[in-house]
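Since every read-out is calculated from the coordinates, none of them should be taken as a lab result. Computed from a predicted structure; not experimentally measured. Cβ sites come from the backbone with ideal geometry, for glycine too, and all protein chains shown count toward neighbours.
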Amino acid sequence: MQLIIGGAFSGKRKVVRKQNEKCSWVSAYDGDAIIDWKTNWVKDTTLVMEGWEKWITTELKKNESNDEIRKKFSTFFQNLVEKEQKRENEVVLVMLEVGKGIVPLENNDRRLRDLAGWIAQDAAIMAGRVNYVWNGYAKRLK
């Protein structure tokens, strides 16, 4: 599994497309639910998933604790790694880096920012490769 992380409009998609010829995209920005990944992952393609902050927001609305939400995503990442190994096709997680901006005043916005950061850390730990993208260029961190 690979993690591509960077700020908004930093060139993350461009980097993914440059590295992967054939991709199956699952995007919360297009209204895709996180559960759609299995049906949308076309054979012999790289699965690319983006829009994690939207999927995290959906989980926040269920009034679960931060630990419960984080555990759900961690388990989900582990399932992706296992499926990736069985299919022999890569999974790429594209995440928005939100920790370098202004800390939000609203509690729910701060909670989303915190969870997005923790979940990105969990993804980075599980990923075999991590790239940080800014201005359209990727720097390999792991």
* Asked: What ³J(HN,Hα) values, in whole Hz, does the Karplus curve 6.51 cos²θ - 1.76 cosθ + 1.60 give for the range 108-113 when θ = phi - 60°, with x put for Gly and Pro?
  -> 5, 5, 5, 5, 4, 4
* If you plug each phi of the range 12-23 into the Karplus form 6.51 cos²θ - 1.76 cosθ + 1.60 with θ = phi - 60°, what whole-Hz ³J(HN,Hα) values come out, in order, with x for Gly and Pro? -> 4, 4, 4, 5, 4, 5, 5, 7, 10, 6, 10, 10
* Asked: Could you put ILE34, ILE125 in order, starting from the residue whose Cβ has the fewest other Cβ atoms within 10 Å?
  -> ILE125, ILE34
* To do: Could you tell me whether the range 40-142 comes out rounded, prolate or oblate from its Cα gyration tensor? Rule is a ≥ b ≥ c as square roots of the eigenvalues, rounded for a/c under 1.5, then prolate if a/b exceeds b/c, otherwise oblate.
  => oblate
* Asked: For the chain, what is the mean residue ellipticity at 222 nm derived from helices alone (per DSSP H run of n ≥ 4: -39500 (n - 2.57); sum divided by total residues; nearest 500 deg cm²/dmol)?
  -> -14000 deg cm²/dmol
* Structure fact -> Which residues qualify? For THR46, with a placed amide H closer than 5 Å and at least 5 residues away or on another chain, they are LYS22, CYS23, SER24
* Could you please rank LEU141, LEU47, LEU80, LEU60, placing first whichever residue has the fewest other Cβ atoms within 10 Å of its Cβ? => LEU141, LEU60, LEU80, LEU47
* To do: With θ set to phi - 60°, apply the Karplus curve 6.51 cos²θ - 1.76 cosθ + 1.60 along the range 33-39 and write out the HN-Hα couplings as whole Hz, x wherever there is a Gly or Pro.
  => 7, 4, 6, 6, 4, 5, 7
* Structure fact -> Filtering trypsin sites (Lys or Arg not before Pro) in the range 19-90 by DSSP loop and by at most 16 other Cβ atoms within 10 Å leaves LYS22, LYS43, LYS61, LYS62
* Asked: Taking the range 30-94, which GluC sites (Glu not before Pro) meet the DSSP loop condition and have no more than 16 other C-beta atoms within 10 Å?
  -> GLU64, GLU88
* Name the long-range amide H neighbours of ARG129: under 5 Å, sequence gap of 5 or more, or other chain; modelled H, no Pro or chain starts. => LEU3
